[in-house]
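See below for the structure under consideration.
The values are calculated or read from the model by the stated rules, or taken from the named source; none is laboratory data. Here the structure is a predicted model, which means the values were calculated and not measured. Heads up, the Cβs are rebuilt from the backbone with ideal geometry, glycines too, and the neighbour counts pull from every protein chain shown.
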Amino acid sequence: MNRGPTWFNVASVTAGFAFLYLPIVILVVYSFNESRLVTVWAGFSTKWYVALFQNQGLLDAAWVTVRVAFVSATVATVLGTMAAIVLIRAGRFPGRTLFSGMIYAPLVMPEVITGLSLLLLFVAMNFARGFWTVLIAHITFSMCFVAVVVQSRLVTFDRSVEEAALDLGCPPLKTFFQITLPMILPAVISGWMLAFTLSLDDLVIASFTTGPGATTLPMKIYSQVRLGVTPEINAVCTILIGIVTTGVVAASLITKRQEMERQRAERLAVAEA
Amino acid sequence: MADRQPASASRKTFAPWSDPSAEPFIVFDNVTKRFGDFVAVNNVSLNVYEREFFSLLGPSGCGKTTLLRMLAGFETPTEGRILLDGQDISTIPPYRRPVNMMFQSYALFPHMSVADNIAFGLKQDKMPKPEIEERVADMLRLVKLEQFAGRKPHQLSGGQRQRVALARSLAKRPKVLLLDEPLGALDKKLREETQFELMDIQENLGLTFMIVTHDQEEAMTVSDRIAVMDHGVFVQVATPAEMYEYPNSRYVADFIGDINIIKGTIKSTANGAVTLETEDAGTLVVHQAMDAIPGTPAYIAIRPEKMQVISGVSQNQIDGEVWDIAYLGDLSIYHVKLPSGAIVKASQTNVTRLIERPITWEDDISLTFAPDAAVVLLD
Ligand SMILES: Nc1ncnc2c1ncn2[C@@H]1O[C@H](COP(=O)(O)OP(=O)(O)OP(=O)(O)O)[C@@H](O)[C@H]1O
Ligand SMILES: [Mg+2]
């Protein structure tokens, strides 16, 4: 039987990838456009990148976004990991079902509602809106994602490994940091990266909860696009895509190399046994 | 290893359990463990003595691991108490108990090398670094994993992992070492060597071992005493020899070694002899002091190697036909079919070559056993 690619397969793969990546390719290509007009190609240039680095408004927004994303992802990872541990480890305690339901609820809650309710809370508390309110809002919604990711790792965690550490004289807290945490670290890092990405591209919740002087990059881009897409925006987006792609590729390369090393070592062990 | 002193030589007189003034080191005092409605350990009482090598033997799910986990501190008894060195340990957390456990699942730390796994417990004790290194090297040598020190657990074979787990639990030289099937994944030769190493360590360092095993031969080899468990209770606790020669029930008799069980009823008990009437083999006599009302159903348990093939007429004579012969090299086991259809096994040492074997299939033969070679069991 002919196992080579048929024209149909080739066509559907091409169409699929085009559908997914053509918009991005166009965005990247036009970020190097000489012309100010987004739809007309006038030759290669990096001038929009230069302009970008002179646009103080965009740079400020980028800096706010990175700070919010970094701090909120970190705090959310700590809180989310703690929540996951309680949910998996504490056994049956009164209110467990309610608690785990409440952890999952924000995952399916429309962002508009989360944003609005947080806004109402901050207003009611008379909390000055700005960097801190965006930060708190991002921690609130991203910790649930971390909790879910870490929880799925803990379900398959072999507790006898922790028991072995206790048995050898290691107190519980130290056991957590020396045994449990290193073992669930990949899940915790995934959780952190997820929280970081979610915060990085959140528009809705940030719009609700922000205040003067705390405009995030998505907000800035969105408001500028309403005045017309400029190649500068394309340049920002290209840089963002670059950062995300590098991160994803690096992570998958590291995982793949570890996997290969492990398989090689296992073959060795079997051969020597 | 050829000139090894038999470990039992120095242990001939070690029998604190029969000394009423000896203080037990580990005491299970009417301990019960329930998981919901399920009773995993049922009202168990046991004394284990310092420097004892104690084995737990029993079918899967009978509560062996649960018993060890209670001693290590990972399960709390539902009822009863556990004493260690005279002290109730129920409130002491696992990391403060002078007890180390080797887990049935090995429970190695996957992110640490073999050497770090072994050193982990020593580091908790803040042992100086050179000493740790020395001890780790000792342990690696003991389990023959010197060249694997830098490997991670997932880079080891099953048997190698088991040896790391063993080395890690031994490294701290705890007063009490609990081993949950420590040698199950090893091949016969390595297992036997490690058994002797374990006995040496236990002897030389004066440790108390409680070991779970599925291998009754292993239990016989290493133990001072054995407990046979079933459904959360001890059926019998005895020395290997006692357990082999005087099992207290058919369950134990069957569990330890091979045995013939002949059902009958007690005809008379007098002068230290029990006479039984059996359907399979007629009237049989066993020398055993016993009080029982005639007519009580009872069982005669006799090991195949204590059966002799005879030609003349004798007491305890069992006539039958050779039904099957299992040739094991050093021994042959004759399966003899009695007129009632029951099968009795007799093993004979093969003192001559196979070709000259006098007994063959379908021969009519008579077996006998000495009246003091068998036991009568009521249960
Ligand atoms: N945490 C638990 N919850 C409920 N039941 C349990 C728990 N731990 C053990 N059991 C039950 O208690 C019984 C005894 O278990 P245990 O692990 O002590 O058996 P074991 O004698 O070690 O068996 P094996 O030889 O297979 O290791 C089993 O029937 C098991 O299902
Ligand atoms: Mg077990």
*Give just the number: which of (1) surrounded by fewer than 17 Cβ atoms within 10 Å (Cβ to Cβ); (2) in a helix (DSSP H, G or I) does A:G91 not satisfy?*
(2)
*The one condition in (1) in contact (Cβ under 8 Å) with a residue 60 or more places away in the chain; (2) of a type in the set (D, E, K, R); (3) within 16 Å of ligand 2 (Cβ to nearest atom) that B:R168 fails to fulfil*: (3)
*Considering each of B:A298, B:A374, B:A342 in turn, give the residue that is surrounded by 13 or more Cβ atoms within 10 Å (Cβ to Cβ), in contact (Cβ under 8 Å) with a residue 40 or more places away in the chain and in contact with a His (Cβ under 9 Å, 6 or more places away or on another chain).*
B:A374
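From A:V64, A:V25, which residue is among the aliphatic types (A, V, I, L, M) and not assigned by TED's automatic domain parsing to the domain that holds A:S207? Quick ask: steps written out before the conclusion?
Values: A:V64 fails: not assigned by TED's automatic domain parsing to the domain that holds A:S207.
Among A:V64, A:V25, only A:V25 is among the aliphatic types (A, V, I, L, M) and not assigned by TED's automatic domain parsing to the domain that holds A:S207.
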*asked:* Of the residues B:E218, B:E203, B:E181, B:E245, only one is in contact (Cβ under 8 Å) with a residue 12 or more places away in the chain, away from every other protein chain (no Cβ under 14 Å) and within 16 Å of ligand 2 (Cβ to nearest atom); which?
replied: B:E218
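Give, as residue ranges, the strands (runs of 3 or more DSSP E) completely inside the range B:25-84 that count at least 2 residues that are of a type in the set (A, V, I, L, M, F, W, C) and within 16 Å of ligand 2 (Cβ to nearest atom). It would help to see each step written out before you state the result.
Details: elements: B:26-35, B:38-48, B:53-57, B:79-84.
Strands (runs of 3 or more DSSP E) meeting the threshold: B:38-48, B:53-57.
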_Pairs where the first residue, in the range A:226-243, is of a type in the set (S, T, Y) and the second is in a helix (DSSP H, G or I), C-beta under 8 Å, 6+ apart_ = A:T230/A:W48; A:T230/A:Q224; A:T238/A:L27; A:T238/A:V28; A:T238/A:S31
_Number of the exception - B:K64 against (1) buried (at least 20 other Cβ atoms within 10 Å of the Cβ); (2) among the basic types (K, R); (3) within 11 Å of another protein chain (Cβ to nearest Cβ)_ = (3)
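Could you list, in sequence order, all residues of the range B:100-112 that are more than 7 Å from chain A (Cβ to nearest Cβ), under 20 Å from B:F148 (Cβ atoms) and either within 24 Å of the chain's Cα centre (by Cα) or at pLDDT below 90 (or both)? Can you show your working first?
Within the range B:100-112, the subset more than 7 Å from chain A (Cβ to nearest Cβ) is B:102, B:104, B:106, B:108, B:112.
The next check asks that each one be under 20 Å from B:F148 (Cβ atoms); those that pass are B:102, B:106, B:108, B:112.
Of everything in the range B:100-112, those that are more than 7 Å from chain A (Cβ to nearest Cβ), under 20 Å from B:F148 (Cβ atoms) and either within 24 Å of the chain's Cα centre (by Cα) or at pLDDT below 90 (or both) turn out to be B:M102, B:Y106.
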*asked:* Quick check on this structure: which one of B:Y299, B:Y334 is assigned to a strand (DSSP E or B), of a type outside the set (A, V, I, L, M) and closer than 18 Å to B:I266 by Cα?
replied: B:Y299
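Being at pLDDT below 85 and not aliphatic (A, V, I, L, M) narrows it down to one residue among B:P358, B:P304, B:P339; which is it?
Within the list B:P358, B:P304, B:P339, the selection yields B:P358.
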*If you go through the range B:123-136 one residue at a time, do you hit one that is in contact with a helix residue (DSSP H, G or I) (Cβ under 6 Å, 6 or more places away or on another chain), in contact (Cβ under 8 Å) with a residue 12 or more places away in the chain and within 16 Å of ligand 2 (Cβ to nearest atom)?*
no
*What are the residues in the range A:154-182 that are hydrophobic (A, V, I, L, M, F, W, C), buried (at least 18 other Cβ atoms within 10 Å of the Cβ) and assigned to a helix (DSSP H, G or I), if any?*
A:L154, A:V161, A:A164, A:A165, A:L166, A:I179
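Quick check: anything in the range B:9-24 within 16 Å of ligand 2 (Cβ to nearest atom), more than 14 Å from chain A (Cβ to nearest Cβ) and either more than 22 Å from B:R173 (Cα to Cα) or not acidic (D, E) (or both)?
Residues of the range B:9-24 that are within 16 Å of ligand 2 (Cβ to nearest atom), as a first pass: none.
Checking the range B:9-24: not a single residue is within 16 Å of ligand 2 (Cβ to nearest atom), more than 14 Å from chain A (Cβ to nearest Cβ) and either more than 22 Å from B:R173 (Cα to Cα) or not acidic (D, E) (or both).
Residues are listed down the side, and each one gets a yes or a no for (1) within 30 Å of A:V188 (Cβ to Cβ); (2) of a type outside the set (V, I, T):
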residue	(1), (2)
A:A18	no, yes
A:V38	no, no
A:W41	no, yes
A:T46	no, no
A:Y49	no, yes
A:Q54	no, yes
A:D60	no, yes
A:W63	yes, yes
A:A69	yes, yes
*Could you check B:A185 against (1) under 12 Å from B:S55 (Cβ atoms); (2) within 16 Å of ligand 1 (Cβ to nearest atom) and say which number it fails?*
(1)
_Answer from A:S31, A:S35, A:S45 - the residue that is in contact with a Cys (Cβ under 9 Å, 6 or more places away or on another chain), surrounded by 13 or more Cβ atoms within 10 Å (Cβ to Cβ) and of a type in the set (G, A, S)_ = A:S31
*Tell me, please, whether a residue that is away from chain B (no Cβ under 11 Å), more than 16 Å from the chain's Cα centre (by Cα), part of a helix (DSSP H, G or I) and in contact (Cβ under 8 Å) with a residue 60 or more places away in the chain can be found in the range A:190-197.*
no
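Given B:E277, B:E245, which one is assigned by TED's automatic domain parsing to the domain that holds B:G58 and on the phi < 0 side of the Ramachandran plot? Spell out how you get there, then give the answer.
Working: B:E277 fails: assigned by TED's automatic domain parsing to the domain that holds B:G58.
Selected residue: B:E245, the only one of B:E277, B:E245 that is assigned by TED's automatic domain parsing to the domain that holds B:G58 and on the phi < 0 side of the Ramachandran plot.
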*Can you name every residue in the range B:212-242 that is among the aliphatic types (A, V, I, L, M) and within 9 Å of the chain's Cα centre (by Cα)?*
B:V212, B:A219, B:M220, B:V222, B:I226, B:A227, B:V228
_Residues to consider are B:R69, B:R97, B:R81; find the one that is touching a helix residue (DSSP H, G or I) at 6+ places or on another chain (Cβ under 8 Å), among the basic types (K, R) and either within 12 Å of chain A (Cβ to nearest Cβ) or without any contact (Cβ under 8 Å) to a residue 60 or more places away in the chain (or both)._
B:R97
*When you go through (1) crowded, with 16+ Cβ neighbours inside 10 Å; (2) free of Cβ contacts under 8 Å to residues at least 40 places away in the same chain; (3) under 22 Å from A:I233 (Cβ atoms) one by one for A:P106, which number turns out not to apply?*
(3)
_Where B:F196 falls short, out of the listed (1) closer than 30 Å to B:E131 by Cα; (2) modelled with pLDDT of 90 or more; (3) surrounded by fewer than 21 Cβ atoms within 10 Å (Cβ to Cβ)_ = (2)
